1. Can you tell me how region B:166-294 classifies by the Cα gyration tensor, rounded, prolate or oblate, using a/c under 1.5 as the rounded cut?
2. Tell me the mean residue ellipticity at 222 nm calculated for the protein assembly as shown from its helices only (DSSP H runs of n ≥ 4, each -39500 (n - 2.57), averaged over every residue, nearest 500).
3. Each residue of region B:125-135 in order: what ³J(HN,Hα) in whole Hz does its phi give by Karplus 6.51 cos²θ - 1.76 cosθ + 1.60, θ = phi - 60°, with x for Gly and Pro?
4. Shape call for chain A from the C-alpha gyration tensor, a ≥ b ≥ c root eigenvalues: rounded (a/c under 1.5), prolate (a/b greater than b/c) or oblate?
5. Given a 1.4 Å probe and every protein chain left where it sits, what share in percent of the accessible area of region B:129-282 is carbon and sulfur?
6. For the pairs A:Lys129/B:Lys198; A:Lys27/B:Lys27; A:Lys232/A:Lys330; A:Lys209/A:Lys323; A:Lys233/A:Lys323; A:Lys330/B:Lys198, note any where the Cα-Cα span goes beyond 31 Å.
7. Hey, can you list the residues from region A:118-136 whose accessible area shrinks by 20 Å² or more with all protein chains present, relative to the chain by itself (probe 1.4 Å, no ligands or nucleic acids)?
8. Long-range amide H contacts for B:Ile73: which residues qualify at under 5 Å (H placed 1.01 Å from N, peptide plane, sequence gap of 5 or more or a different chain)?
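The values are calculated or read from the model by the stated rules, or taken from the named source; none is laboratory data. Because the structure is a prediction, the values reported are computed rather than measured. Cβ atoms come from the backbone with ideal geometry, glycine included; neighbour counts cover every protein chain shown. Note: areas computed on protein heavy atoms with side chains; ligands, DNA, RNA excluded. Shrake-Rupley method; radii C 1.70, N 1.55, O 1.52, S 1.80 Å.
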There are 2 protein chains.
Amino acid sequence: MKPSQISLRDIAEALDVSVSTVSRALKNHPDISEETCRKVQEYARRVHYRPNAMALGLKQQRSQTIGVIVPEIVHHFFSSVISGVEDLAYGSGYRVMICQSNEDYLREVINVQALADHRVDGLLVSISKSTLDQQHFRQVLDQGVPIVFMDRISREIPSDRVITNDYEGARMVVSHLLGQGRRRIAHLAGPQHLCVGKERYQGYLRALKEHNIRLDEERVIRCDTPARVEQKKAQLLDLAGRSDAIFAVNDFTAVAAMRLLQDNGFVIPEQVAIAGFGDDPIASIVRPTLTTVEQRGYDMGREAARLLIKRLGEEGSEAYQTKTFPAFLKVRDSG
Amino acid sequence: MKPSQISLRDIAEALDVSVSTVSRALKNHPDISEETCRKVQEYARRVHYRPNAMALGLKQQRSQTIGVIVPEIVHHFFSSVISGVEDLAYGSGYRVMICQSNEDYLREVINVQALADHRVDGLLVSISKSTLDQQHFRQVLDQGVPIVFMDRISREIPSDRVITNDYEGARMVVSHLLGQGRRRIAHLAGPQHLCVGKERYQGYLRALKEHNIRLDEERVIRCDTPARVEQKKAQLLDLAGRSDAIFAVNDFTAVAAMRLLQDNGFVIPEQVAIAGFGDDPIASIVRPTLTTVEQRGYDMGREAARLLIKRLGEEGSEAYQTKTFPAFLKVRDSG
DNA sequence: ATTGTCACCGCAAACGTTTGCGGTATGGTT
DNA sequence: AACCATACCGCAAACGTTTGCGGTGACAAT
């Protein structure tokens, strides 16, 4: 029971041939006799030989690995994205290294570097909320590591992108609320330096304008997590008292708000309608079920991986693509 | 703008010194003059030099990386575990490679091999539901890669383990239901070849016995996912009709069952009490809130990583440990 | 002038692969 | 007998590091 892994050398010595012969025999190189191939392969199988990925990567200057950085895997959307990435990547012979930034800029920088150190062939990234500076991305790009941004994309960095039509999704769902007769619609907004936050806010504005309703800025609150809902409890209850609908930037915030309101005697949706964004599984579990916008995480992950691997395959740099996934309105019971 | 990464050689040539000098200068080796150190470090910083992790790993015969395999990261418990692992690992200078088996045996085998190929220094594993054969684990163990099992542990393989006291947790929660006067308690059980499924079932049995209630085998159904709840809808409704409480092996199954019952006119908990296991965030979101058993994923992840890294540090093989985390009863509104 | 002591640095091997090239035997043609 | 293919295999370099050892020059002590 040796605590070490078999190398080509071990096989070569055991069979009294050279390392190169073993290497070639394992891939059925025509220069090697069938006899030798058979013997080598048989022995290799018997001792469970597995090539050293690090040595391979060093030699070929690529790791057949793509790195993924998302804010938090606990969110269903991101874990769906990851599943999509994994499925496509595995199917194309790539492995996947997953990291989470925990919405922390520093952690994101460290992750980018760690993945670059491991010489991943490319990166799939969803930017953290606290990231303002984007030098770390430029750096790996300059080192020849392509990046495809997903959902939380960078506006500054030219690259492939995969996004949901956040603007249209938000417009649709707010428009739906308006169509139900709601007029005083509040918005729990995400950070405006992120595309998703901004686009959804813009969609909200657009819908209001289309219905000739003028924006009441007091009805827009920066609040995009259950923790923030708890924190701004008083303000939210006050807001709910003078509104007839709430559109939250994501589903878990919407659900948290719904709970807060219900616990304080509001009847949903009769008094206040609520809508979210993302179609998290939780949206179909809460009562009333949550009206929201479907966002196809799995498909987005697949597409992002596809774009990346395509770019890895080509020499010259093709023009960058932005793939926009349509948003689907999911009308349920909350509004 | 070369699409390639800086190596020690590049620095050496630029500064007209040898590669070894650069290597030593970067780590302030006493053999190198301050002057040279300064020049090298400055230049390295300027061109954003980063050591090649593959070359490093090859040379030192360890990757400073630990591999993690969990069934599905969408489950809050497992993503908490991962966060715990990451935090401790990063703090100890290790990187983390995350894989999910999707509860699929083949995927698990592939993941184990891929991680072994990358020469991770050790493995943290939560076994997939469909895994019966465990040869793939023995194999990497024989290659000298230690494994710490978490939650979904292996009974056959001697190793370090980190688990929750599933037996006691289940006993407590069922005992609580009995204390509330419930007598006809059904159990939605997990697969019995997994420790968690078996232990929780045993805890259920134990609680019954303690209250001198004899087991009605018709009240135990193999059902541990929302999908299965949907699938066995009729059977569950029938069961609910002749029971006054349900104990599900995990929270999302409990919630799915709760929804099914509510949609069919059952009043929870008045007619049927419901309890789950795990204290998923969803447990506090549904109404009535779900009585369940808290399972500290984050702490378990940390502990597993700690055990693994400790084992990596030592030469001789210390005795294997099994760290059991206590279970905490969370009484809420559903039972 | 010889020797010794440092401070500073380079050579080269090694980690596990892949691969271009060259080598040896075998057999068949002239 | 000389030559040429062909089939099969090994040598060695390279990928980017680390590190033991040896080397060089300066300076001081004999």
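1. rounded
2. Calculated mean residue ellipticity at 222 nm is -13500 deg cm²/dmol.
3. Result, ordered by residue: 10, 10, 5, 6, 4, 8, 7, 10, 6, 10, 4 Hz.
4. Taking the square roots of the gyration eigenvalues as a ≥ b ≥ c, chain A is prolate.
5. About 46 percent, which is the carbon plus sulfur part of the accessible surface.
6. Among A:Lys129/B:Lys198; A:Lys27/B:Lys27; A:Lys232/A:Lys330; A:Lys209/A:Lys323; A:Lys233/A:Lys323; A:Lys330/B:Lys198, the Cα-Cα distance tops 31 Å for A:Lys129/B:Lys198; A:Lys27/B:Lys27; A:Lys233/A:Lys323; A:Lys330/B:Lys198.
7. A:His118, A:Arg119
8. none
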